[in-house]
Ligand code: TYD
């Protein structure tokens, strides 16, 4: 097991749940209020496998089935661990990641066996804290269609509903297993959500 000094905070939620806004705000807050150096990360990553995945998500690359896509996400995660996340944590800095393991369980879990997904992700470095921003599929779709011209392959109501249900299940399972997981109501004003995230991070990570 890698010996790291920094903390690894992951944000999860269905499309349109406001994760990207909140990761950026938390990073600035940590730097200005706590003098903690934090980098932003995102999956699919900017690496070679992540770039390939983006082509599948946008529909430009066709013919990749559900299990191949799950394997691509797992490969991207290991590459992302080795080339970005772990070196930063070893330096003692924080990593704030927009999507990680749970995205695979929630999205690829629709069409793949859970135990297989866990197996192919078993070497992925574990987060110190996972923050699930809970936004209902109806709200998320309204936000997506109101703000973007193009949508991706998972941005449909029935799919988002399944993904949302999977996330709720994951929250229950991980909390029961004693993992550090926090669920936050993301349907409120971004500033309110932001303040709640700050308190959670202060409580679970900084003052621990
Ligand atoms: P998203 O995070 O919304 O990024 P962007 O705003 O750049 O489009 O899109 C990534 C999509 O990838 C999202 O629909 C969730 C999906 N995804 C998976 O299906 N499995 C995974 O393991 C990860 C990390 C993402």
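The values are calculated or read from the model by the stated rules, or taken from the named source; none is laboratory data. All values derive from a computational prediction rather than experimental measurement. Positions of Cβ are generated from backbone atoms using ideal geometry, with glycine treated the same way; all protein chains shown enter the neighbour counts.
Can you confirm whether segment 89-100 contains a residue that is surrounded by fewer than 18 Cβ atoms within 10 Å (Cβ to Cβ) and part of a loop (DSSP other than H, G, I, E, B)? Yes, some residue in segment 89-100 is surrounded by fewer than 18 Cβ atoms within 10 Å (Cβ to Cβ) and part of a loop (DSSP other than H, G, I, E, B).
One residue is enough: does segment 146-156 have a residue meeting the conditions surrounded by fewer than 18 Cβ atoms within 10 Å (Cβ to Cβ), part of a helix (DSSP H, G or I), at negative phi and within 15 Å of the ligand (Cβ to nearest atom)? Yes, some residue in segment 146-156 is surrounded by fewer than 18 Cβ atoms within 10 Å (Cβ to Cβ), part of a helix (DSSP H, G or I), at negative phi and within 15 Å of the ligand (Cβ to nearest atom).
Testing residue 78 on (1) closer than 23 Å to residue 120 by Cα; (2) touching a helix residue (DSSP H, G or I) at 6+ places or on another chain (Cβ under 8 Å); (3) away from the ligand (no atom under 11 Å from the Cβ), one condition comes back false. Which one is that? Every condition holds for residue 78 apart from (2).
This table checks each residue for (1) in a helix (DSSP H, G or I); (2) surrounded by fewer than 17 Cβ atoms within 10 Å (Cβ to Cβ); (3) without any contact (Cβ under 8 Å) to a residue 60 or more places away in the chain.
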site: 163; (1), (2), (3): yes, no, no
site: 166; (1), (2), (3): yes, no, no
site: 169; (1), (2), (3): yes, yes, yes
site: 172; (1), (2), (3): yes, yes, yes
site: 182; (1), (2), (3): no, no, yes
site: 191; (1), (2), (3): yes, yes, yes
site: 195; (1), (2), (3): yes, yes, yes
site: 199; (1), (2), (3): yes, yes, yes
site: 203; (1), (2), (3): yes, yes, yes
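Scanning segment 127-148 for residues that are without any contact (Cβ under 8 Å) to a residue 60 or more places away in the chain and under 17 Å from the mean Cα position of the chain (by Cα) yields one hit, 136. For segment 1-48, taking the residues that are surrounded by 18 or more Cβ atoms within 10 Å (Cβ to Cβ) and over 17 Å from the mean Cα position of the chain (by Cα), the one that is farthest from residue 138 (Cα to Cα) is identified as 4. Taking the criterion of being touching a residue at least 40 places away in the same chain (Cβ under 8 Å) and more than 11 Å from the ligand (Cβ to nearest atom), the residues of segment 57-70 that qualify are 59, 67. Checked against (1) within 8 Å of the ligand (Cβ to nearest atom); (2) more than 23 Å from residue 201 (Cβ to Cβ); (3) in contact (Cβ under 8 Å) with a residue 60 or more places away in the chain, residue 73 passes all but a single condition, namely (3). Within the set 54, 99, the sole residue that is within 16 Å of the ligand (Cβ to nearest atom) and without any contact (Cβ under 8 Å) to a residue 24 or more places away in the chain turns out to be 54.
Residue 49 passes every criterion in (1) at pLDDT below 95; (2) in contact with a helix residue (DSSP H, G or I) (Cβ under 8 Å, 6 or more places away or on another chain) apart from (1).
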